[in-house]
Amino acid sequence: MKRARITGIGKYVPENVVTNFDLEKIMDTSDTWIRERTGIAQRHWVTNPAVETVSTLGAEAAKRALDMAGLQPSDIDFIIFATLSPEHFFPGGGVFLQEKLGLEGIGALDIRNQCTGFIYGLSVADQFIRSGMYKNILLVGAEVHSTGIDKTTRGRDVAVLFGDGAGAAVISATDEKDCGILTTHLHADGKHAKHLWLQNPGSAQSPFVNEQMIADNSIYPYMNGRYVFKYAVTRFPEVIMEALQATGYSKNDVKLVIPHQANQRITEAVQQKLELPTEKVYSNIHNYGNTTAASIPIAMTDALQEGRFGENDLLVLAAFGSGFTWASAILRW
Ligand code: UT7
């Protein structure tokens, strides 16, 4: 049976950097509060949303991943696009990305799994490759949060957390054994959905979008931060252990855990619960904030560039977020 391995990885973030001090000028917040509660120092926000869309950011990240893989766009058989912030309600970002890369005709699958979107996508890619259906799959996670958040004091608990950006991976078939994606684990529990969601606009309302939604602020994401935090620090270690048990590897075999970058305090809690040394758990949230579906491929790209892992190293990916959904993967690089 074929195995799937990541042969290229890349990221792209908008040039515009927004520091915590910049946020102090537009809402009642402080650099100290944001750093202490989240570990975030800055994030990237688009300046021209008509041009810097999830598909344009995603296409840039994809070109870099393709370069690393040594492939041309025409080598790609299938696209998987993960985002919670598509440029339009439909069609999803996958087809816009496809057009930008000139990949007319191949399938483009959109997935909406928020913070776990990249790992869900990785699992889908793994199944398609193991089954022999595709040889090279492009998986992109991209978000433009900055146009959809309330950038006033009213929305500060959410607004300071999120950043824009994209990450991409080329996933290719290989005949080698014990390499590439070894295992993936996907979970969800919809009873928690309304603790982290964007209620409107949506088809549960008629008309689909109306003035009342703007007046009652339900066009902005709602997050019950403490509730999300509590589940995150339990689910992350649980799903990481599940993946380790499935492969038979121990924590000592792992070179690096790359968690979804939700909050530095969540990452530290996970590290402590699993009794892992600090250097085994990657963090770059200070530079980007939470970029949801893009955070893991951005973190993988940075970690690789920083020499935090290399050939044959065992990596653990894990994520938790809106849904709630949570997921993990283990791969040998
Ligand atoms: O990707 C997965 C999705 N999201 C997450 O994983 C987020 C999980 N949750 C969290 O990361 C944390 O709950 C937050 C960072 C969102 C909040 O931290 P917290 O320690 O849970 O703070 P809190 O919500 O309990 O708020 C504490 C105080 C409140 O004031 P009072 O009621 O104590 O007077 C808030 O109004 O901090 C206030 N506050 C702020 N102050 C300054 C909330 N947001 C801000 C802000 N700046 N941006």
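The values are calculated or read from the model by the stated rules, or taken from the named source; none is laboratory data. On a predicted model such as this, the values are computed, not experimentally measured, just so you know. As a convention, Cβ positions derive from the backbone with ideal geometry for all residues, glycine included, and neighbour counts pool all protein chains shown. Accessible surface is based on the protein model in full, side chains and every heavy atom, while ligands, DNA and RNA are left aside. Shrake-Rupley method; radii C 1.70, N 1.55, O 1.52, S 1.80 Å.
Things worth noting here:
- Positive contributions from Lys and Arg (+1) and negative ones from Asp and Glu (-1), summed over other residues with Cβ under 10 Å from the Cβ of residue 145, come out at -1.
- Annotation: extensible slack from residue 275 through residue 226 equals 15.3 nm (criterion: 0.36 nm per residue apart, minus Cα-Cα distance).
- Label point at residue 131 placed 7 Å out along Cα→Cβ; residues across segment 91-121 whose backbone nitrogen lies under 19 Å: 106-112, 119-121
- Estimated purely from DSSP H runs of n ≥ 4, each contributing -39500 (n - 2.57), the mean residue ellipticity at 222 nm for the chain is -9500 deg cm²/dmol once divided by its residues.
- Couplings 3J(HN,Hα) of segment 306-314, computed from phi: 7, x, 7, 8, x, 4, 6, 6, 8 Hz, in residue order, whole Hz [Karplus 6.51 cos²θ - 1.76 cosθ + 1.60, θ = phi - 60°; x for Gly and Pro].
- Pairwise centroid distance, computed over Cα atoms, of segment 172-228 with segment 94-132, Å: 17 Å
- When the surface is traced with a 1.4 Å probe over the full set of protein chains, residue 332 keeps roughly 40 Å² accessible.
- Whole-angstrom Cα spans of the chain along principal axes, big to small: 57, 48, 37
- In this rough spin-label picture, where each label sits 7 Å from Cα along the Cβ direction, the residue 90-residue 35 distance is 4.7 nm.
- Full extension of the chain segment joining residue 311 with residue 216 gains 29.0 nm, where the gain is 0.36 nm per residue of separation less the Cα-Cα distance.
- Calculated from backbone phi, Karplus (6.51, -1.76, 1.60) coupling profile of segment 73-80 in Hz, x at Gly/Pro: x, 5, 7, 7, 9, 7, 10, 10
- Whole-number Å³ per residue for the convex hull built on Cα positions in segment 101-208: 177 Å³
- For a straight C-alpha distance cut-off of 23 angstrom, the lysines reachable from residue 63 (same-chain residues fewer than eight places away being disregarded) are 11, 100, 135.
- Rough spin-label spacing in nm, given labels placed 7 Å along Cα→Cβ, for residue 234 and residue 205: 3.2 nm
- Whole-Hz couplings from phi, Karplus 6.51/-1.76/1.60, listed for segment 191-205; x for Gly and Pro: 5, 9, 3, 7, 7, 7, 7, 10, 5, 9, x, x, 6, 7, 10
- Share of Cα-Cα pairs in segment 3-178 lying beyond 23 Å, as whole percent: 43 percent
- For residue 106, net neighbour charge (Lys/Arg +1, Asp/Glu -1) across residues whose Cβ lies under 12 Å away: -3
- Base-10 log of normalised Debye intensity for segment 152-252 (one unit scatterer per alpha-carbon) at q = 0.13 Å⁻¹: -0.78
- Base-10 log of normalised Debye intensity for segment 181-332 (one unit scatterer per alpha-carbon) at q = 0.15, 0.20 Å⁻¹: -0.79, -1.22
- The chain - percent of accessible surface contributed by carbon and sulfur, probe 1.4 Å: 50 percent
- The distance from the alpha carbon centre of segment 21-92 to that of segment 255-330 is 17 Å, rounded to a whole number.
- With both labels modelled 7 Å from their Cα along Cα-to-Cβ, the residue 48 to residue 106 distance reads 2.8 nm.
- For residue 113, the residues whose amide H sits under 5 Å from its own are 83, ignoring neighbours fewer than 5 places away on the same chain, with H placed 1.01 Å from N.
- In terms of packing, defined here as the mean over residues of other Cβ atoms within 10 angstrom, the peptides 255-265, 162-172, 100-110 line up highest first as 162-172, 255-265, 100-110.
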